[in-house]
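Throughout, read-outs are computed from the coordinates displayed, never taken from laboratory work. All of these numbers come straight from a predicted model, not from anything done at the bench. With ideal geometry, Cβ positions are generated from the backbone for all residues, glycine too; neighbour counts draw on all protein chains shown.
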Amino acid sequence: MRITPVENKLFGAVVTEVNFSNLSNNDFDALQAALLDYGFLAFPELFPSDEDSIAFGKRFGNLEFAATSVLSNQEVDENRSAGQVLDMDSQRMRMIVGNSFWHTDSTYQPHSAKCGMLSAVVIPEQGGGTALADTRSAYATLDQATKDRVENLSAYHSNQYSQANDLGDFPDIQPGTIYHGEAYLRPLVKVHPETGVKSLIIGRHAFGIPGLARDEGRELLQLLLDHVVSDEARVYEHSYQPGDLLFWDNRALMHRALPYDYTKPRIVIATRIAGDESEFAYNPSDTAAQTGREALANELAALREETSDRQYQATTASSKAVVL
Ligand SMILES: [Fe+2]
């Protein structure tokens, strides 16, 4: 097995000559160490079976979901054959378009995710890749005044906020889905539970910094995001070949889907490893949840007035098909 750092970047490594379906403990240990160090691992043309992807993911922790193809812009049958392209106005397609903005997975759930895994099945000729950004080096390179400013600040996270803010999409609240009406408060600065390295937890789901005025909070989050992507050395864009597997540490990086012609097929299999205690905010039944719920309701009311110029013009999808 070879682990080669990505050239000209501050993070990322490429893994080749790996026996993925029969991974030795030594090789697994090396991959785990490399993940913590490099932040993401790319396995070119690995063609992993679902079983192997799931088994690999489970070595890192419990799975949030396993080998689902929800990231396709088409109806996909059990043989992974692509069917009808989704309507751009459908809730699923709105979610897929939303994934093209920088984010950290599942920060809008009680536990944000530990790691993400994508493997490519069908990729359009142009676009459709995944971009990753290193929020550890972003934090490390903030000036001291900004570090001091963000040290004790937190932001709420909600997928309803990000859909409204980025796209003018206002899905109805549906308990049990990702549109649950809750917002989870998370520190802007995360201390990695395994490495102790600090990173920024920001991205599209983050809003409403307690203690700051709305405009001030929005400005700060934008400033931090701009800083993360201001250095090419901490942004990597992966253009998939079929069979590629990408695995990243959600506690150290942000990512986004690179846009493509949404009438062309794209099927990417996603597996996600659930966060543990360090990724936990609170449960909806906890009293702490009430302020988040209220902050979200207020924010959405403001965005209703402000987002009629966005892609979905402050509307709700005609199709209610919601995936987790
Ligand atoms: Fe994602």
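In this structure the amide hydrogen of Glu64, modeled in the peptide plane, comes within under 5 Å of the amide hydrogens of Arg272, Ile273, Ala274, none closer than 5 places in sequence on its chain.
Residue by residue, segment 278-287 carries 3J(HN,Hα) couplings of 6, 9, 8, 9, 6, 9, x, 7, 6, 4 Hz when phi is fed to the Karplus relation 6.51 cos²θ - 1.76 cosθ + 1.60 (θ = phi - 60°); x denotes Gly or Pro. Rounded if a/c is under 1.5, else prolate if a/b is larger than b/c, else oblate: which is segment 259-324, with a ≥ b ≥ c the root eigenvalues of its Cα gyration tensor? Oblate. Averaging the sequence gap over all C-alpha pairs within less than 8 Å and six or more residues apart, then dividing by the number of residues, gives the chain a relative contact order of 33 percent.
Give the cross-link partners of Lys9 among the lysines, using a straight C-alpha distance below 28 Å as the criterion and excluding same-chain residues fewer than 8 apart. Straight-distance partners of Lys9: Lys114, Lys147, Lys190, Lys198.
Which translational diffusion coefficient, to the nearest whole µm²/s, is obtained for segment 2-306 from the Stokes-Einstein equation, given a Kirkwood hydrodynamic radius over C-alpha pairs, 10 °C and 1.306 mPa s?
Here the translational diffusion coefficient equals 80 µm²/s.
What the pair-distance distribution of segment 1-123 shows, using all Cα-Cα distances binned every 5 Å from zero, is 2, 9, 16, 20, 20, 17, 11, 5, 1, 0 percent. In the chain the longest region clear of GluC sites (Glu not before Pro) that are loop-assigned by DSSP and have at most 12 other C-beta atoms within 10 Å covers 152-324. Each residue of segment 185-198 was assigned a 3J(HN,Hα) from its phi angle through the Karplus expression (A = 6.51, B = -1.76, C = 1.60, θ = phi - 60°), giving 7, 9, x, 5, 10, 9, 9, 4, x, 9, 9, x, 7, 7 Hz with x at Gly and Pro.
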